[in-house]
Amino acid sequence: MKIKERRNQIVEFVNQHGSISFAALSKEFAVSDMTLRRDLEALDNERRIVRIHGGVKSVNVVAGTDGLFSMRSACNRQAKDIIAQKALQFVRPNTTIFIDSGTTTTALAACMPDIPCLIFTSSLTCAMEFCKLKQPCVYVIGGKLNASSYSINGIRSLSFLKDVNLDVAFMGTTGFAPGRGFSCGSEEEYTLKQQIIHSAEQVIMLMDSQKTGYAYPFSSAHVKDVDVVVSDDQLAEDVKSELERNGVRVV
């Protein structure tokens, strides 16, 4: 088994269990203790797992199901940048755009062209990136602060957006599971995402390949709700096939 494949399996195994001892990992993965320690050290440095005394924990257990922004922003950074560059082809002047919260959407905000458009966002980190631009008119929606994700949501957010007609919505997701669609771990995030998806003419999901295979408590979007999925170059063929069978364009 290749190192990358084994480490991906370790992350998946840890995520499934929440927390697990070093001994249990050693029993599950037939490698030497030294090799396993190197794997865990590398994954901890990549912020994909968290090492604790005698074992490891899932990032989701430490930071909550949607994770701390500072922890997630260091994960799979190259893939997020690839996705952001691909997504730029859907940014058009003189349109009304929604930018969701999240590390991948923030990567998109960081390279957004300075063109005339109307932007709504629930993300404080995206809003900070938009401060660099002169031509867009930017609205940060009101509501309740989520300090772990640097985002705004809640009943006031829904009220703010209820009469807004969106040309395109760039959405993030916590997970995607074949047959179950896109999901997140927060009820307030789920409610906001649902409203945005139903208000947008075009829904573009930004999702790196490491998000696949996971189903979180709240279904934020069904496959049929999404027009385009922008991903990195590592999306599994079965995931890509399911999306395309349901009329979703995969970029």
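Taking every protein chain into account, the accessible area of region 92-149 amounts to 41 square angstrom per residue (probe 1.4 Å).
Give me the percent of accessible area attributable to carbon and sulfur for region 157-251, probe 1.4 angstrom.
That share works out to 41 percent.
Taking 0.36 nm per residue of sequence separation and subtracting the Cα-Cα distance, how much length would be gained by fully extending the chain between residue 236 and residue 163, in nm to one decimal? In short, 22.5 nm is gained. The share of Cα pairs per 10 Å bin across region 114-251, counted from zero up to the longest distance, runs 12, 41, 35, 12, 0 percent.
Excluding same-chain neighbours fewer than eight residues apart, the lysines reachable from residue 211 by a Cα-Cα span under 20 Å are 4, 57, 80, 86, 193, 224, 240.
From the list [x] 0.99; [y] 1.02; [z] 0.97, can you say which value of Rg/Rh (Cα atoms, Kirkwood Rh) was derived from the structure given? Only one listed value fits the structure, namely [x]. Count Lys and Arg as plus one, Asp and Glu as minus one, and take only other residues whose Cβ is under 12 Å from that of residue 98; the net charge is then -2.
The values are calculated or read from the model by the stated rules, or taken from the named source; none is laboratory data. The shown structure was predicted, so the numbers you read here are calculated from the model rather than taken from an experiment. A quick note on method: Cβ atoms are made from the backbone with ideal geometry, for glycine too, and the neighbour counts reach across all protein chains shown. Side chains are part of the model used for accessible areas, which takes the heavy atoms of the whole protein and leaves out ligands, DNA and RNA. Shrake-Rupley method; radii C 1.70, N 1.55, O 1.52, S 1.80 Å.
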